[in-house]
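In what follows, a structure is listed as C-alpha cells, so that the remarks can point back to it.
The values are calculated or read from the model by the stated rules, or taken from the named source; none is laboratory data. No experiment lies behind these values; they were computed from the predicted model shown. Glycine also receives a Cβ, built like all others from the backbone with ideal geometry; neighbour counts cover every protein chain displayed. Heads up: the accessible areas ignore ligands, DNA and RNA and are worked out on the full protein's heavy atoms, side chains in. Shrake-Rupley method; radii C 1.70, N 1.55, O 1.52, S 1.80 Å.
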Amino acid sequence: MITILHAIPTLGGGGAERQLCMLASEQARRGACVHVAIRRGGVHEPVLKKCGVHIHELGDARSINPRLLLALTRTITKVAPTIVQTWLPQMDVVGGVAAVRSRTPWIISERTSGEYYGEVPTFARLRLLASRYAGAVVANSKGGEDYWTNDGPRSLRRTTIPNAIDFKGINESAATPAEKSHARPLLLVVGRFDRGKAHAIVVHALSILSEKQPVNVMMIGEGSEQASIGKQIEAASLSNRIKLTAYQPDWWRWLKVADGLISMTRYEGNPNVALEAMAGGCPVILSDIPAHREIADSSSALFVPVEDAQALSQAILTLVNGKDAALSRAQQALKRVSPMTLSSMADAYEAVYREVLNRKH
C-alpha cells in the first residue's frame, strides 16, 4: 500500500486547498494511506478527516522558518511516506528540502503561471533551486508547465494535470439554493482578496454602471485587500450594490440564483472558480488571459481585456440584458468542462507517482 504525504500551508478556502482536499480524499477512498501536513487547518479539514486522511499540524510558522522545516522533517520520519507532494511555494521549498534530506521521492504541484512569481522573486528563486532534486512537477495549466519549461531545470520531468471539478457537490448545492429574494440582477465574484484577483476593477466597472443600470454584486472571499476594497466601495457610494461576505465552502449554492460570475484575475493556473461556475451552469465573464482562454472560448464566455473597467461594464450589460445568449454560452461551457472528473485527475496522479517511484528504483 502506498503512503502519500501532502504538504500545504493551510486548509483554507483557496483553489489549491480545494484540489488537495479532493485528491487526498479520493486517494484514501482508493486504499492509499494518506497524510496531510499543514501549518494550520481550515474549512477543508473536516472533509479530509471524514475520509480517513491523517492531519499533522506543524505550527503556524511563516516563510522559510527553521522550526517548520524541523517539524516537517519529524513528520516525514514518523510517517515514512512512499512519496511527498508539496503544494504552494512555501511548502515547495520547505517540504522539498525535508523530503530530500530524508531521501523520499518528491513532486511539486504548480498551481499558477509564471506571471505570479514576479511578485515573490525570492521564493521563486529558492523554489527553482530546490526543484533540481524533485522527481517531477505537475502543473494544472499550460501556462504553469510553460513556466517550468522556460525557467526550471531541464532534467525535471514536467506534466500537466488539469483540476478536477466536484460535479456531485455542485449539483447537491444547487438543490438547496441560496435565498431567491436577493436583489437582481446579481453577479458573483469569488476568490481571495489580493492584487491578482483584481477586485478593484469590478468596483470601478460598477461605478460606471451605477447610473446606466443597477447591478448587484456579491464578493465572496477573504484576504489582505478586503479592507481596502471595502473602502473603495464606500468611496464610490456602492455599499448598497456590492456586498462583501466571508468565504463560504458551499458558495456553489449561489450559482442557480446568480445571473453570472465575474473573474477579472490578472493571472491564473487552472481557475477553480471559473470552472465550478461553468459546471454549475452559471454564465461567466472572464479576463482575457491565457488561463481563461485555455478553458473557454467566445461561445462559452464573455472575455474582457485585463484592467479594462469600461469593457467590463459593457460586458455586464451584455450579460444581464441578453439572458438567452447567456444561457446558450452557459450550456456550451458545461460541455467543455464535463470531462474534468475527480477520477480522471486521480488516475493521472497515480501514473506520475508510478513513474517517479520506478525511476528511483
Restricting to region 193-208, name every residue that is open to solvent by 10 Å² or more (accessible area, probe 1.4 Å) and assigned to a helix (DSSP H, G or I).
ARG195, LYS197, ALA200, ILE201, HIS204, SER207, ILE208
Looking at (1) of a type in the set (A, V, I, L, M, F, W, C); (2) surrounded by fewer than 21 Cβ atoms within 10 Å (Cβ to Cβ); (3) closer than 20 Å to GLU172 by Cβ; (4) modelled with pLDDT of 95 or more, which one does ALA348 not meet, given that it meets all the others?
(3)
Suppose we filter SER237, SER224, SER313, SER298 for residues that are more than 29 Å from LYS168 (Cβ to Cβ), outside any helix (DSSP H, G or I) and at pLDDT 95 or above; which single one remains?
SER298
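To keep it simple, each residue is scored yes or no on (1) touching a residue at least 60 places away in the same chain (Cβ under 8 Å); (2) closer than 27 Å to ASP166 by Cα.
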position: PRO9; (1), (2): yes, yes
position: ALA24; (1), (2): no, yes
position: ARG39; (1), (2): no, yes
position: ASP60; (1), (2): no, no
position: ARG67; (1), (2): no, no
position: ARG74; (1), (2): no, no
position: GLN85; (1), (2): yes, yes
Has region 59-68 got at least one residue that is in contact with an Asp or Glu (Cβ under 6 Å, 6 or more places away or on another chain) and either open to solvent by 30 Å² or more (accessible area, probe 1.4 Å) or not in a loop (DSSP other than H, G, I, E, B) (or both)?
no
Mind listing whichever residues of region 131-156 are over 24 Å from ALA80 (Cβ atoms), open to solvent by less than 70 Å² (accessible area, probe 1.4 Å) and under 17 Å from the mean Cα position of the chain (by Cα)?
ALA139, ASN140, SER141, GLY143, GLY144, GLU145
From the set of residues in region 98-130 that are open to solvent by less than 10 Å² (accessible area, probe 1.4 Å) and more than 27 Å from HIS292 (Cα to Cα), which is nearest to the chain's Cα centre (by Cα)?
TRP106
Just to be sure before I move on: is ALA80 open to solvent by 20 Å² or more (accessible area, probe 1.4 Å), in contact with a strand residue (DSSP E or B) (Cβ under 8 Å, 6 or more places away or on another chain), at pLDDT 95 or above and not hydroxyl-bearing (Ser, Thr, Tyr) in the structure I sent?
yes
Consider ALA330 carefully, then state whether it is in contact with a Cys (Cβ under 8 Å, 6 or more places away or on another chain), closer than 25 Å to MET22 by Cβ and open to solvent by less than 10 Å² (accessible area, probe 1.4 Å).
yes
Considering each of MET264, MET278, MET218 in turn, give the residue that is more than 15 Å from the chain's Cα centre (by Cα) and at pLDDT 95 or above.
MET218
Within region 242-277, restricting to residues that are part of a loop (DSSP other than H, G, I, E, B), aliphatic (A, V, I, L, M) and within 19 Å of VAL203 (Cβ to Cβ), the one that is most open to solvent (accessible area, probe 1.4 Å) is ALA246
